[in-house]
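Scroll down for the structure; my scribbles are underneath it.
The values are calculated or read from the model by the stated rules, or taken from the named source; none is laboratory data. Small disclaimer: the values here were computed from a predicted structure and weren't measured. Counting neighbours? That spans all protein chains shown, and the Cβs are built from the backbone with ideal geometry, glycine included.
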Amino acid sequence: MQNTKVIYKELNLQNIKKISFLLIYAIFAFYFLVNGSGIFKEWNESWNISTLIYMAGVAVFLGIQEKLPKEFNKPLVQNINGFIASFIFATLLFIVIYDTGLYFTSITPLPLDQILALLTFQLVIVVASEEIIFRGVIFQYFTKYFNWVIGMLISAFCFSLFHLAVYEGSIGALMTAFIMGLIFAWATYRFNIGVAMGLHFAWNAFVLGATALL
């Protein structure tokens, strides 16, 4: 009877964490869906449509899971620290690579007045949603029933296909997305999903010119 109570308490705690996380995500996403254009003049209608699509995607994918992936059950401070450390490290690394001319040669830094809006949209909507779907659900699902290598490959492949339209079918761009998907999945497996989010945010912000320096 005692073991039953403990199990029930743990399951109840997991449900509370799941509901709390989804509530926070929904509040932030819905807030910018409604108020984004009022806060940032650069917030456009296509971003609102994307926000709705991402919100629906997160709801569907989390809905098929019995519980949130174990990464979300790690202490919040670990995910936050992982996010901050990986974002700073990756951004500095990208700047060094950019300055050497080895890669990122076609990036054009954004005007200063557009940076905050883009960073907000990328972090609150794009990165959070994609990491929940691809590393939080798909990667964890296939890792659970097969192994982490299979989970990493399948989640990276799905992540690449997700960008098929935006990359206009470019094989090179899709291969880059696949490789980045592998890196994000490995970061989730080795550390936590906060590290994956930090790397993903650093990548998106840099390639879109928000953190690329002249």
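For Ile183, which of the numbered conditions (1) modelled with pLDDT of 95 or more; (2) surrounded by 18 or more Cβ atoms within 10 Å (Cβ to Cβ); (3) closer than 24 Å to Gly209 by Cβ fails to hold?
(2)
Just to be sure, is Ile133 surrounded by fewer than 20 Cβ atoms within 10 Å (Cβ to Cβ), of a type in the set (A, V, I, L, M) and either outside any loop (DSSP other than H, G, I, E, B) or in contact with a Pro (Cβ under 9 Å, 6 or more places away or on another chain) (or both)?
Judged against the criteria, Ile133 is not a match.
Out of (1) touching a Cys at 6+ places or on another chain (Cβ under 9 Å); (2) surrounded by fewer than 24 Cβ atoms within 10 Å (Cβ to Cβ), the odd one out for Ile154 is which?
Ile154 satisfies all of (1) touching a Cys at 6+ places or on another chain (Cβ under 9 Å); (2) surrounded by fewer than 24 Cβ atoms within 10 Å (Cβ to Cβ) except (1).
What is the residue count in segment 167-205 for residues that are of a type in the set (Phe, Trp, Tyr) and not in a helix (DSSP H, G or I)?
Final tally of qualifying residues: 2.
Can you find a residue that is within 23 Å of Gln140 (Cα to Cα), crowded, with 20+ Cβ neighbours inside 10 Å and in contact (Cβ under 8 Å) with a residue 12 or more places away in the chain anywhere in segment 165-176?
Checking segment 165-176: not a single residue is within 23 Å of Gln140 (Cα to Cα), crowded, with 20+ Cβ neighbours inside 10 Å and in contact (Cβ under 8 Å) with a residue 12 or more places away in the chain.
Looking at Leu102 and the list (1) of a type in the set (A, V, I, L, M); (2) without any contact (Cβ under 8 Å) to a residue 60 or more places away in the chain; (3) under 14 Å from Thr211 (Cα atoms), which single condition is not satisfied?
So Leu102 meets the others, but not (3).
Collect the residues in segment 96-142 that are acidic (Asp, Glu) and under 8 Å from the mean Cα position of the chain (by Cα), keeping them in residue-number order.
Glu130, Glu131
Regarding segment 73-92, can at least one residue be identified that is more than 17 Å from Met180 (Cα to Cα), in contact with a Ser or Thr (Cβ under 8 Å, 6 or more places away or on another chain) and part of a helix (DSSP H, G or I)?
no
Is one or more of the residues making up segment 48-62 modelled with pLDDT under 90 and either buried (at least 21 other Cβ atoms within 10 Å of the Cβ) or farther than 16 Å from Leu22 by Cβ (or both)?
No - not one qualifying residue is present in segment 48-62.
Scan segment 169-194 residue by residue and report those that are hydrophobic (A, V, I, L, M, F, W, C) and in contact with a helix residue (DSSP H, G or I) (Cβ under 7 Å, 6 or more places away or on another chain).
Answer for segment 169-194, where residues must be hydrophobic (A, V, I, L, M, F, W, C) and in contact with a helix residue (DSSP H, G or I) (Cβ under 7 Å, 6 or more places away or on another chain): Leu174, Ala177, Phe178, Met180, Leu182, Ile183, Phe184, Ala185, Trp186, Ala187, Phe191, Ile193.
Are any of the residues in segment 119-128 more than 27 Å from Asn44 (Cβ to Cβ), touching a residue at least 24 places away in the same chain (Cβ under 8 Å) and not acidic (Asp, Glu)?
No, every residue in segment 119-128 fails to be more than 27 Å from Asn44 (Cβ to Cβ), touching a residue at least 24 places away in the same chain (Cβ under 8 Å) and not acidic (Asp, Glu).
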